[in-house]
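Inspection log for the structure reproduced underneath, given as structure tokens.
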Amino acid sequence: MSRLSLKATLCMFVALLMAALWTQPASAYTWARRVTVYNASGLCVQGDAGIDHQRPGAFSGNLAYSNTYALKQGCGTGLNEPDGWAATRAIVFKWNGSGWDVCRSSAWKFGATGVNRWGPWGPEQLIDWGGWASCGAGFYGTQAAAFVWDGSAWRGGSVWSGFEQATPAGVTHLRQPANSSAPAPHVTAPAVRPGARAAR
């Protein structure tokens, strides 16, 4: 009798596990969060980069993301910087079989930085890159620019989201880039020089 109970319990556990797995929403995005691109001279700059594409049955859209955060040197505590002292930009790349080509890019978005109950915040960019129909079926990723003005120069760099495949139904056998593959940094600091910090 105990073997029968054990079998029944095991079968029920497997059935519940399968039901839970089948009802999980599909993931349709790739994201690198809070990557440090500068950490010196009293300032830490971090950025996010993300890529998403529409998939049936998943909460998704053809979106590219970029965010910039300013923190104290050491990257522990967020900084309050004035409007215009932080900038972000998103560039969407497509794998051409041997390297990365630019598919779409956004203009710079400038803003302030600060801290709230969820942590540091700063300017964020969200663009509709159009999905596979923009530049063809293939592998796509976002390179985000994350820069903060330190009073005399822009400090920061680029963050790579990683890549994901965006293709119409029925397309398979595409040559995938190596997992470590990323485009060379394609971003330079903004040409805009912010105004002086307002007196506190």
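The values are calculated or read from the model by the stated rules, or taken from the named source; none is laboratory data. The structure presented is a predicted model; accordingly, all values stated were derived computationally and were not measured. Cβ sites come from the backbone with ideal geometry, for glycine too, and all protein chains shown count toward neighbours. Calculation scope for accessible area: heavy atoms of the full protein, side chains included, ligands and nucleic acids excluded. Shrake-Rupley method; radii C 1.70, N 1.55, O 1.52, S 1.80 Å.
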Treat each spin label as a single point 7 Å out from the Cα along the C-beta direction, and report the Ala184 to Trp31 distance in nm.
3.1 nm
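Of the heavy-atom accessible surface of the stretch 100-200 (probe 1.4 angstrom), what whole percent is carbon and sulfur?
For the stretch 100-200, the apolar C and S fraction of the accessible surface comes to 51 percent.
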Per residue, how much accessible surface does the stretch 76-200 expose to a 1.4 Å probe? Answer in Å², no decimals.
52 Å²
Please compute the alpha carbon radius of gyration of the stretch 51-200, then divide it by the globular-protein estimate 2.2 N^0.38 Å. Two decimals is fine.
1.17
Can you pull out the trypsin sites (Lys or Arg not before Pro) in the stretch 37-146 that DSSP calls coil and that have at most 11 other Cβ atoms within 10 Å?
Arg117
